[in-house]
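The values are calculated or read from the model by the stated rules, or taken from the named source; none is laboratory data. As the structure is a prediction and not an experimental result, all values here were calculated from the model. Positions of Cβ are generated from backbone atoms using ideal geometry, with glycine treated the same way; all protein chains shown enter the neighbour counts. These accessible areas exclude ligands, DNA and RNA; they are computed on the full protein's heavy atoms, side chains included. Shrake-Rupley method; radii C 1.70, N 1.55, O 1.52, S 1.80 Å.
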2 protein chains.
Amino acid sequence: MTIAVHTLETAAEAAPGPEPRVIRVALAGFGTVGGALVGLLRDREDAIARTHGIRFELVSILVRDPERSRPYPVPGDLLTSDVEAFLAADAHAIVEVLGGLEPAGRIAIAALGRGRTFVTANKALIAKHGPELAAAASGHGGRLLYEAAVAGGVPIIRALRDALPETGVQGIRGILNGTTNYILTRLSDGATFDQALAEARKEGYAESDSSRDLDGRDTEDKIRILAWLAFGADPGVFRVHRRGLTRHADRIAADADAFGGVARLVGECLALDGGLVAAVEPVIVSPGSSLARTLGADNFIEVETTYNGTLGFSGPGAGGGPTASAILSDLIRHVPHPPAPENTPMAVADGRELAWVVSIRSAGAVVSLRDLLMAEGVDPVLEMDDGCAGILRVRTAPCHRSRIKAVERALEGASLEPVVTRFESGGFSSA
Amino acid sequence: MTIAVHTLETAAEAAPGPEPRVIRVALAGFGTVGGALVGLLRDREDAIARTHGIRFELVSILVRDPERSRPYPVPGDLLTSDVEAFLAADAHAIVEVLGGLEPAGRIAIAALGRGRTFVTANKALIAKHGPELAAAASGHGGRLLYEAAVAGGVPIIRALRDALPETGVQGIRGILNGTTNYILTRLSDGATFDQALAEARKEGYAESDSSRDLDGRDTEDKIRILAWLAFGADPGVFRVHRRGLTRHADRIAADADAFGGVARLVGECLALDGGLVAAVEPVIVSPGSSLARTLGADNFIEVETTYNGTLGFSGPGAGGGPTASAILSDLIRHVPHPPAPENTPMAVADGRELAWVVSIRSAGAVVSLRDLLMAEGVDPVLEMDDGCAGILRVRTAPCHRSRIKAVERALEGASLEPVVTRFESGGFSSA
């Protein structure tokens with residue numbers, strides 16, 4: 001599918017609104033995610049101003065080495081390696097994508113203690129110090145936001161925090177680590193563990209030190225955060241049964257296969273009679289399940305509720321773009337009431353060609369379905385004559401919707417009871 | 001799984017917080033959804049007060065017949081059949097679950113014109129008058145909220161409005177009508193259309209007049225709302241190619257089957273080069289796709305983005321509980337900053353018994369894996385000796401985690417390189 005954002009936005013761009021409010025942002029960390037965020041803020045600057053009435057201005061970036069070249073160049077005076085200088089920057093919001101407990105924790109406490117908004121992708125920090133940071137935020141009028149800390153671009157934190165608290169959440173389970181899921185997916189394909197890990201690194205899913213991914217600690221951090229949100233359990237305290245992929249990952253996949261299942265590293269937290277139960281471990285799941293069908297570095301989360309059935313959320317669990325998107329959605333919370341969507345005048349035109357299945361009652365048919373299709377410029381690809389049912393079916397080559405409508409009208413005119421159905425095999429672009 | 005909400009909440013209930021703020025709610029409509037909302041507000045009253053610091057008070061309920069008996073009895077003086085009397089009630093928030101354009105539209109304009117919060121499950125109203133109502137809201141300081149109007153309890157409106165606006169949404173597609181999906185699922189199972197429709201009615205998925213479901217107008221309304229949110233297109237104006245299930249639904253399912261696919265009624269809106277394209281029509285999708293795997297009355301929505309990959313959202317698309325949950329999540333927006341989760345002290349205990357796969361290196365094994373399992377009180381169910389790989393595998397009967405850990409320790413002591421993996425075949429309760 002072609003990207004057509006510009007087409008859609010042209011009309012609105014022509015009519016400038018009031019001057020956007022400036023939100024000053026300090027960014028701690030300028031690696032993959034930090035770079036993607038800087039790029040996203042730049043790409044979407046006009047759209048954000050128009051839709052939300054705000055403009056983000058970067059006032060400081062904390063880096064290890066200010067001299068290193070960056071994929072998204074920024075003015076050199078923005079960069080600093082001095083935490084104190086970074087904290088002294090006059091920012092409304094502080095974004096932290098350093099990872100690790102320090103200096104991230106110090107930055108968080110400083111930001112929240114001054115009543116600032118602190119946006120983080122740091123799962124280890126929230127899993128260990130979430131309640132402490134939340135208390136610092138509420139004590140000083142700051143805001144603690146961490147959508148990016150769990151499941152990358154999948155808005156699960158927001159859902160648990162805003163949409164689902166009164167649905168009676170009973171359990172959460174899911175695939176929360178892209179590296180291990182990528183490895184398990186490749187093991188099922190026949191790769192060895194070493195091959196799979198090397199590929200995961202090459203694809204950028206696994207860090208050079210992937211021990212926290214492999215032994216399940218990364219998933220454990222995320223489960224602690226989800227259990228805190230859903231059940232109010234102190235994330236740094238309760239027990240999580242954890243078993244990672246470190247030992248014999250090839251055999252886990254082979255054992256699953258031997259019993260007709262698929263191995264997935266599943267994190268879960270459940271409200272049971274005795275209280276909270278949480279685990280991270282390889283689980284053999286049935287091949288048709290949503291867990292088994294979560295492939296590569298994708299994440300999938302299932303939330304079981306009392307009043308709202310079982311909900312599923314899936315999407316990219318990591319990567320610069322998705323994580324930066326999640327951070328941006330937190331930053332945009334500076335606008336407390338999201339505006340209603342504007343009405344953008346929009347051209348409506350469908351240049352796509354789609355494949356179709358056309359079927360007719362064949363009994364008594366005096367026209368050739370093939371000839372009729374071809375007369376309308378539609379190529380039949382596969383014809384099936386179901387004599388028993390008296391139905392003749394044709395699958396067509398992709399053609400414009402108007403052609404298939406002309407075919408349908410002609411068949412209706414001949415009283416052949418046509419049925420027209422679009423044919424595609426999944427994804428958006430497969431028509 | 002046993003519901004254990006009370007266990008989890010006991011500790012917090014013992015420590016009362018400050019007096020909750022009262023939010024007065026007027027409810028228009030007291031059928032399935034209205035009744036479920038009244039029940040949910042009652043069930044969750046204490047939890048809502050504790051978590052959000054608010055207490056909802058019903059001040060008026062608009063009904064057709066105040067004399068009819070209700071599954072959730074309320075004081076008789078709350079009920080009125082007079083729209084003017086209903087509108088005169090002193091409410092902070094008005095919830096509308098009547099459906100249809102009038103008197104819902106009149107109630108909406110009156111509520112928003114007085115700066116009130118208007119929460120609705122009415123897809124037809126928003127699809128036709130959304131921008132008008134949004135303008136009334138922003139002109140008078142009111143709020144228009146309609147999470148329940150699309151996909152029941154699946155928080156897709158919230159995601160599109162709050163989480164995804166800057167991800168570069170390129171397309172949305174999904175199964176948005178439970179009645180037709182239930183029918184298509186049953187047709188695939190071999191039921192006739194008439195049987196399937198009768199069952200859908202019996203299960204409460206289809207209304208007695210299901211023409212808006214069957215001909216795709218219900219899905220069209222939802223697609224209009226999603227396209228408005230995602231692309232700013234005036235929902236009452238743009239063209240939607242629509243083809244329903246009304247004619248020859250059995251043949252649609254049979255045609256799909258003949259070509260190895262599964263028929264689903266798919267709604268979609270895409271940003272293409274020429275602008276917006278929207279359609280509601282039966283589509284033959286591949287059996288492994290998320291669309292095909294959406295069964296019965298469930299809904300599924302896929303959002304394709306530029307910066308955030310493809311996201312999936314699934315869950316119950318209709319029904320009293322899910323729709324009432326969505327309404328409640330909108331009502332709770334009265335608390336502008338959702339509080340951080342409290343830390344509830346929580347007992348942690350795992351009484352569950354789970355099934356496992358245990359495998360060992362069989363070469364050189366001098367102990368019997370079966371005997372060792374049984375000595376620890378674990379029943380072996382299925383044993384597989386993979387002589388070529390030198391691996392012996394056993395699937396166990398459900399047992400407590402501690403027993404399988406004892407087995408593992410013993411096998412490690414005997415240097416048999418045990419691999420232990422949980423075995424389950426899908427869902428939460430299947431262990």
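One table, with the values for the structure above:
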| read-out | value |
| --- | --- |
| Average silhouette area of chain A, convex hull of alpha-carbon atoms, in square nanometres | 27.6 nm² |
| For the range A:260-337, alpha-carbon Rg and Dmax in angstrom | 15.9, 50 |
| Debye, to nearest 20: dipole size of the range A:240-326, +1 on Lys, Arg Cβ, -1 on Asp, Glu Cβ | 220 debye |
| Positive dipole terminus of chain A, leading residue within A:Cys388, A:Ala121, A:Ser69 (C-beta point charges) | A:Ala121 |
| In sequence order, calculated HN-Hα J values of the range B:37-45 (Karplus, 6.51, -1.76, 1.60; Hz; x Gly/Pro) | 5, 4, x, 5, 4, 5, 4, 9, 3 |
| Options B:Ile109, B:Tyr146, B:Ser188, ranked by Cα towards positive dipole end of the range B:68-204, top entry (Cβ charges) | B:Ser188 |
| Backbone HN-Hα couplings from phi across the range A:142-154 [Karplus 6.51/-1.76/1.60, Hz, Gly and Pro as x] | x, 10, 10, 10, 8, 3, 6, 6, 10, 6, x, x, 7 |
| Three semi-axes of the equivalent ellipsoid, the protein assembly as shown, Cα gyration tensor, whole Å, largest first | 41, 37, 30 |
| Long-range HN-HN contacts of A:Leu382 with modeled amide H, under 5 Å | A:Arg395 |
| FRET efficiency estimate (nearest 0.05) - Cβ-Cβ, A:Glu199 to B:Val237, R0 41 angstrom | 0.25 |
| Between 0 and 90°, nearest 10: helix A:217-231 axis offset from chain A longest Cα axis | 90 degrees |
| A:Asp82 versus A:Ser415: modelled label distance in nm, points set 7 Å from Cα along the beta carbon direction | 9.2 nm |
| Those residues of the range A:387-422 for which accessible area with every protein chain present is at least 40 Å² below the isolated value (1.4 Å probe) | A:Arg393, A:Arg401, A:Val419, A:Thr421, A:Arg422 |
| At 7 Å out from Cα toward Cβ: B:Arg201 inter-copy label distances (nm, ascending) | 6.5 |
| Accessible surface of B:Ile225 - all protein chains present, 1.4 Å probe, nearest 10 Å² | 0 Å² |
| Globularity ratio of the range A:197-238, using Cα Rg and 2.2 N^0.38 Å | 1.48 |
| Within the accessible area of chain A (1.4 Å probe), percent carbon and sulfur | 50 percent |
| The range B:219-260 - charge dipole about Cα centre, Lys and Arg +1 at Cβ, Asp and Glu -1, debye rounded to 20 | 140 debye |
| Solvent exposure ordering (accessible area, 1.4 Å, most first) of B:Arg333, A:Arg293 | A:Arg293, B:Arg333 |
| Euclidean distance of C-alpha centroids, the range B:109-132 and the range A:251-319, integer Å | 39 Å |
| Label 7 Å beyond Cα on the Cβ vector: B:Ala88 copy-to-copy distances, nm | 6.6 |
| Amide H contacts under 5 Å for B:Arg55, placed H, 5+ residues apart | B:Arg21, B:Val22, B:Ile23 |
| Å² per residue, accessible surface of chain A at 1.4 Å | 38 Å² |
| Ranked order, B:Val33, A:Val25 - accessible area, probe 1.4 Å, largest first | B:Val33, A:Val25 |
| For B:350-361, mean number of other protein chain Cβ atoms within 10 Å | 4 |
| Estimated vicinal HN-Hα couplings, Hz - the range A:21-34 in sequence order (Karplus 6.51, -1.76, 1.60; Gly, Pro = x) | 6, 8, 10, 8, 10, 10, 10, 9, x, 9, x, 4, 6, x |
| Protein-only accessible surface order, largest first, of B:Thr120, B:Thr310, A:Thr32 at 1.4 Å | A:Thr32, B:Thr310, B:Thr120 |
| A:Lys222 accessible area, assembled protein chains, probe 1.4 Å, Å² | 10 Å² |
| Per-q log10 I(q)/I(0), the range B:178-266, q = 0.21 Å⁻¹ (Debye; single scatterer per alpha-carbon; no solvent) | -0.96 |
| Interface size A-B, as summed buried accessible area [1.4 Å probe, Å², nearest 100] | 11600 Å² |
| Long-range tail of P(r) for the range B:244-286 (Cα pairs > 12 Å, %) | 63 percent |
| Unit charges on C-beta of K, R, D, E only; dipole of the protein assembly as shown, Debye | 660 debye |
| Out-of-range pairs (alpha-carbon distance over 28 Å; input B:Lys128/B:Lys202; A:Lys405/B:Lys202; A:Lys222/B:Lys405; A:Lys123/A:Lys202; A:Lys123/B:Lys222; A:Lys405/B:Lys222) | B:Lys128/B:Lys202; A:Lys405/B:Lys202; A:Lys123/B:Lys222 |
| Mean projection area, nm², convex hull over Cα of the range B:84-124 | 2.6 nm² |
| Cα centroid of the range B:21-54 to Cα centroid of the range B:57-107, whole Å | 14 Å |
| Rounded accessible area of B:Glu342 (nearest 10 Å², 1.4 Å probe) | 80 Å² |
| Label-point separation, A:Asp46 to B:Thr246 (7 Å along Cα→Cβ), nm | 4.4 nm |
| Residues whose placed amide H lies under 5 Å from that of A:His241, excluding near-sequence neighbours | A:Ala278, A:Ala279, A:Val280 |
